[in-house]
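First comes the structure, then the notes that go with it.
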Amino acid sequence: MAGPKSEFASLVAQGLPTGEVVGVRRFIIEIDGLEATAAGSIIVFETGEHGLVRKVSDGKVTAFTLLGEGVPIGTLAVVKATELMVPVGTKLLGRIVNPLMHPLDHKGAILTKSMRPAFATAPGFVERAILDTQLESGVTIVDTLFPIVLGQRIALMGDAKSGKTTFYTQLVINQARAGRAVVIVLIAKRHTDIEELIRRLDQAKVRNNVTIVVADIFDSVMLQFLAPYTACAVAEEFWMSGQ
């Protein structure tokens, strides 16, 4: 299998735009020579690190490293793609992945040909439907006194150890049992919290209806930033296909 440096050499050989790192501030990288690149592009450094272009101005490109913190000044970079595309589809059900859709469950690669952009444009207001169907959480007091509507955005707020995680886990289990595809995003969580969630899903026998996207407490700032975007891309594919 080709290594990360081979990927860089292959992209350069294809004649794709290249540039040189001229400034580094932890995970924020300034690159000279990629002025024609658009924001949102994916770049590969000769060290094997990947980056996401966030700004193009004044003859320089500002990019964020995805997996680590910084690359040496003078490092070469090459454009890999004009936007971040995410593998999606039913093959992701039952899987645990990071925000770049790399598997974390030792079950092999994600084998799907369907892709969606991580930064897709939201549907306009005219395209949206009236929300009129209850989303049953499985917690009787909530479903009776504070019913949630399917499609509604909600925030669970409260002090630590007040039951927020228990509630959303029950909601996930209830919806998965109803046959709905569920995507969970865990950001800056401890490994013990992640393992406890997986244990509860396994006990309820609903893992095959759930995709878990994880950027744990040790992952880079950029992976934690990307987690909700790539997870939404996965969820939107299920939504568009009626799941």
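The values are calculated or read from the model by the stated rules, or taken from the named source; none is laboratory data. Because the structure is predicted, anything quoted here is derived from the model rather than measured. Positions of Cβ are backbone-derived with ideal geometry, glycine not excepted, and every protein chain shown enters the neighbour counts. The area values use the complete protein model at the heavy-atom level, side chains included, leaving out ligands, DNA and RNA. Shrake-Rupley method; radii C 1.70, N 1.55, O 1.52, S 1.80 Å.
Summary table below
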quantity	calculated
Mean Cβ neighbour count within 10 Å, used as a protection proxy, ranking 56-69, 117-130, 9-22 highest first	56-69, 9-22, 117-130
With DNA, RNA and ligands ignored, accessible area of residue 101 (1.4 Å probe; Å², nearest 10)	10 Å²
Net charge contributed by nearby residues that have their C-beta within less than 10 Å of residue 89 (K/R +1, D/E -1)	+2
Prolate/oblate/rounded label for the range 146-204 (Cα gyration tensor, a/c 1.5)	oblate
Evaluated at q = 0.15, 0.30 Å⁻¹: base-10 log I(q)/I(0), Debye formula over Cα of the range 115-160	-0.62, -1.13
Heavy-atom accessible surface of the chain: percent carbon and sulfur, 1.4 Å	56 percent
Nearest-0.05 FRET efficiency for residue 168 and residue 143, computed from C-beta distance (R0 22 Å)	0.95
Surface accessible to a 1.4 Å probe, per residue, for the residues of the range 49-132, Å²	58 Å²
Helix axis angle, 191-204 relative to the chain longest principal axis, alpha carbon, degrees	40 degrees
3J(HN,Hα) from dihedral phi, the range 121-138, Karplus parametrisation 6.51/-1.76/1.60, rounded to Hz, x for glycine, proline	6, 5, x, x, 4, 5, 7, 8, 9, 5, 8, 9, 10, 6, 9, 7, 8, x
Difference of contour (0.36 nm per residue) and Cα-Cα distance, residue 218 to residue 83	46.0 nm
Ellipticity estimate at 222 nm from DSSP helix runs (n ≥ 4, -39,500 (n - 2.57)) divided over the chain, nearest 500	-8500 deg cm²/dmol
Linear extension gain, residue 188 paired with residue 91, 0.36 nm per residue minus alpha-carbon span	32.4 nm
Most mobile of 227, 181, 204 in a GNM of the chain (Cα contacts under 10 Å)	204
Sequence of 238, 8 when ordered by accessible area, the most exposed leading, probe 1.4 angstrom	8, 238
In degrees, nearest ten, helix 4-13 long axis to first principal axis of the chain (Cα)	60 degrees
1.4 Å probe accessible area per residue over the range 157-207, in Å²	62 Å²
Net charge contributed by nearby residues that have their C-beta within less than 14 Å of residue 32 (K/R +1, D/E -1)	-2
Accessible surface, 1.4 Å probe, highest first, among residues 43, 110	110, 43
Inter-probe distance in nm under a simple model that places probes 7 Å from Cα toward Cβ, at residue 131 and residue 159	2.9 nm
Per principal axis, descending, Cα span of the chain in whole Å	61, 43, 37
Inter-site label distance for residue 113 and residue 12 at 7 Å from Cα along Cβ, in nm	3.3 nm
Accessible area, probe 1.4 Å, largest first, for residues 159, 219	159, 219
